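Participant: Below are the C-alpha cells for one structure; questions will follow.
The values are calculated or read from the model by the stated rules, or taken from the named source; none is laboratory data. Nothing here was measured: the structure is a model prediction, and the numbers come from that model. Note that we place each Cβ from the backbone using ideal geometry, even for glycine, and neighbour counts take in every protein chain shown. For the accessible areas, the whole protein counts, side chains as well, though only heavy atoms, and no ligand, DNA or RNA atoms are used. Shrake-Rupley method; radii C 1.70, N 1.55, O 1.52, S 1.80 Å.
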Amino acid sequence: YLTKQPFRLMPGDYETKAEGGPGRGSRFTVLVKNPELTDIRGMDVGDREYRGFVEVIPTPDGFHLVNELPLDRYLFSVVGEALPPTSPLEAYKTMAVLTRSTMLEKLRLSRPNPEGIQTCDAKACQAYYGLTRERENSAKAVRATRGLVARAADGALPVHHPSCGWATTAGIQDRQAPTLAFRSPGDL
C-alpha cells in the first residue's frame, strides 16, 4: 500500500526466445498468494500461479492484478477448466477452436481502459485460473489447433454455453427437442 505507481512482476526468463520471440517462452511463473492464510502450511486454494507477467495496479481499495500473456498460453487454462479431465483430445480441440474464436472477437471489440485490460477472469468472461487448471490435453489441443477459428456461414461466431438437454439455464433452447421416443441410450 505504499506505492501509487503500477509495477510489474516478471519471471526471470520472460524475454527468452524459446517459442518464437520475446515473452513467448517463459518457463517460470508468478505465484500470487492469498494474504489471508487459511492453512497452517501457508497454502490456500485462492493462491494462483500465472504464466507471463503480472502488473500490479494500486487502487483506493487495494490492488488490481493484470496478467499479460500470449493468447494460446491463456487458452491452456481456459480450455482445461471448460472440460472434465477425462474428456477425449478431440473434445479439447473443439473447445480450443471455439474458445479462441470467442476470445479473438472479445479482444477485437474491447475498448481501451485505464488498466489496459481486455477480459476478466470470471465465469462471465471466461473462467481463468492460471496453471492450476491447465491439463496436458488442453495444452496439446491448443497447440494442435493453433490459429484455427470457427465462424458460421453468415460470419457470426458460434455460441457456446455449458448446457445439457437442449436448453441453457436461462431457458434458451439451442436446438429442437427430439420428438421421437428414445428406445435406448444409443438413440440419443
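Participant: Quick one: Pro112 ticks every box in (1) assigned to a loop (DSSP other than H, G, I, E, B); (2) at pLDDT 80 or above; (3) farther than 21 Å from Phe7 by Cα bar one, so which box is it?
Facilitator: Of everything listed in (1) assigned to a loop (DSSP other than H, G, I, E, B); (2) at pLDDT 80 or above; (3) farther than 21 Å from Phe7 by Cα, Pro112 misses just condition (3).
Participant: Go through (1) in contact (Cβ under 8 Å) with a residue 40 or more places away in the chain; (2) under 18 Å from Pro70 (Cα atoms) for Cys125 and report which single condition fails.
Facilitator: Failed condition: (1).
Participant: Among what's in the stretch 80-117 and is within 14 Å of the chain's Cα centre (by Cα) and small (Gly, Ala, Ser), pick the residue that is most open to solvent (accessible area, probe 1.4 Å).
Facilitator: Among those that are within 14 Å of the chain's Cα centre (by Cα) and small (Gly, Ala, Ser), it is Ala82.
Participant: Could you give me the residue pairs with C-beta distances under 7 Å whose first residue belongs to the stretch 133-160 and is farther than 20 Å from Leu89 by Cα, whose second residue is surrounded by 11 or more Cβ atoms within 10 Å (Cβ to Cβ) and of a type in the set (D, E, K, R) wherever it lies, and which are 6+ apart or on separate chains?
Facilitator: Listed pairs, sorted by first residue: Leu157/Glu105; Leu157/Arg151.
Participant: Can you tell me which of (1) farther than 13 Å from Thr99 by Cα; (2) at pLDDT below 80 is the one Ala144 doesn't meet?
Facilitator: (2)
Participant: Continuing with the same structure: Evaluate the stretch 56-63: report whether one residue or more is open to solvent by less than 40 Å² (accessible area, probe 1.4 Å) and in a helix (DSSP H, G or I).
Facilitator: No.
Participant: Determine whether Ser26 is small (Gly, Ala, Ser) and modelled with pLDDT under 60.
Facilitator: yes
Participant: Can you give me the number of residues within the stretch 133-159 that are in a loop (DSSP other than H, G, I, E, B) and surrounded by 11 or more Cβ atoms within 10 Å (Cβ to Cβ)?
Facilitator: 11
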